[in-house]
Amino acid sequence: MNLTLEPAELPADAIEVGRIADAWGIKGWFKVVPHSSNPEALFSSKRWYLQPSERGAKTFTGTVLLPIRQAKDHSDTVVAWAQGIDDRNGAEALRGARIFVPRSSFPSTATDEYYWVDLIGLAVVNREGLALGTVRELLSTGPQTVLVIDYEEGGKAQERMIPFVAHFVDKVELSEKRITVDWQADY
């Protein structure tokens, strides 16, 4: 098996969207573990950028470009097939690789829909203009998503959580890097 992957520069807007788990079948297909329950970014991009995992066998170094022939849902995972990967050995050589795609290749969102990655780092203010902190991450609690917000009080790092639902979130302004909420600092 001679795996030849094209070295590439990781795009400035690259987002890690999953990793390659293992080979799938004998014709070069491989299983992907997406980082999102809705892996549309994997399907919308035909150019994946791979980096080796921190652990495990390293069959390549740096960043490489992987042109995707096909990617599709399969059971609780995603399976994909790439140019130049035509047998099980080639697919196995990719095991553990981290998958990145440019944010610019993500599908467009509908009104009032956001990618989590776009919300991280936004300032959160309440209706009175009081700064409540900065979005560090989002948590899926099943019925709803929760904004995890970092702020400082009395020289000490603190955390607050606000449900990311219309009842509390008035406005998301990506261009202003701000989320306005109906929430008080003492909640």
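Residues checked against (1) surrounded by fewer than 18 Cβ atoms within 10 Å (Cβ to Cβ); (2) of a type in the set (Ser, Thr, Tyr); (3) not assigned by TED's automatic domain parsing to the domain that holds Ile26:
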| position | (1), (2), (3) |
| --- | --- |
| Gly62 | yes, no, no |
| Leu66 | no, no, no |
| Arg69 | yes, no, no |
| Lys72 | yes, no, no |
| Ser75 | yes, yes, no |
| Val78 | no, no, no |
| Trp81 | no, no, no |
| Arg88 | no, no, no |
| Val101 | no, no, no |
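If only one of Ile15, Ile20 is among the β-branched types (Val, Ile, Thr), closer than 16 Å to Asn89 by Cβ, surrounded by 13 or more Cβ atoms within 10 Å (Cβ to Cβ) and in contact with a strand residue (DSSP E or B) (Cβ under 7 Å, 6 or more places away or on another chain), which one is it?
Ile20
Residues are listed down the side, and each one gets a yes or a no for (1) under 30 Å from Lys27 (Cβ atoms); (2) of a type outside the set (Val, Ile, Thr):
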{"residue": "Ile99", "(1), (2)": "yes, no"}
{"residue": "Pro107", "(1), (2)": "yes, yes"}
{"residue": "Val117", "(1), (2)": "no, no"}
{"residue": "Leu122", "(1), (2)": "no, yes"}
{"residue": "Leu132", "(1), (2)": "no, yes"}
{"residue": "Arg136", "(1), (2)": "no, yes"}
{"residue": "Thr145", "(1), (2)": "no, no"}
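Among the residues of segment 31-47, which ones are surrounded by 14 or more Cβ atoms within 10 Å (Cβ to Cβ), more than 12 Å from the chain's Cα centre (by Cα) and not charged (D, E, K, R)?
Correct list: Val32, Phe43, Ser45.
Take Val165 and decide whether it is surrounded by 11 or more Cβ atoms within 10 Å (Cβ to Cβ) and assigned to a strand (DSSP E or B).
no
Conditions: (1) touching a Lys or Arg at 6+ places or on another chain (Cβ under 7 Å); (2) more than 25 Å from Ile120 (Cα to Cα). Ala93 meets all but one. Number of the miss?
(1)
Considering only segment 171-187, state which residues are modelled with pLDDT of 95 or more and under 14 Å from Leu122 (Cα atoms).
Within segment 171-187, Lys171, Val172, Glu173, Glu176, Lys177, Arg178, Ile179, Thr180, Val181 qualify.
Quickly run through segment 61-99 and pick out the residues that are free of Cβ contacts under 8 Å to residues at least 40 places away in the same chain, within 20 Å of the chain's Cα centre (by Cα) and not in a loop (DSSP other than H, G, I, E, B).
Once the filter is applied, which keeps residues that are free of Cβ contacts under 8 Å to residues at least 40 places away in the same chain, within 20 Å of the chain's Cα centre (by Cα) and not in a loop (DSSP other than H, G, I, E, B), segment 61-99 yields Pro67, Ile68, Gln70, Ala71, Lys72, Asp73.
Can you tell me which of (1) more than 20 Å from the chain's Cα centre (by Cα); (2) modelled with pLDDT of 90 or more; (3) surrounded by fewer than 16 Cβ atoms within 10 Å (Cβ to Cβ); (4) outside any strand (DSSP E or B) is the one Ala157 doesn't meet?
(4)
Residues that are surrounded by 12 or more Cβ atoms within 10 Å (Cβ to Cβ), in contact (Cβ under 8 Å) with a residue 24 or more places away in the chain and within 19 Å of the chain's Cα centre (by Cα): does segment 127-137 have at least one?
Yes - at least one qualifying residue is present in segment 127-137.
The values are calculated or read from the model by the stated rules, or taken from the named source; none is laboratory data. Here the structure is a predicted model, which means the values were calculated and not measured. Note: ideal-geometry Cβ built from the backbone for every residue, glycine included; neighbour counts use all protein chains shown.
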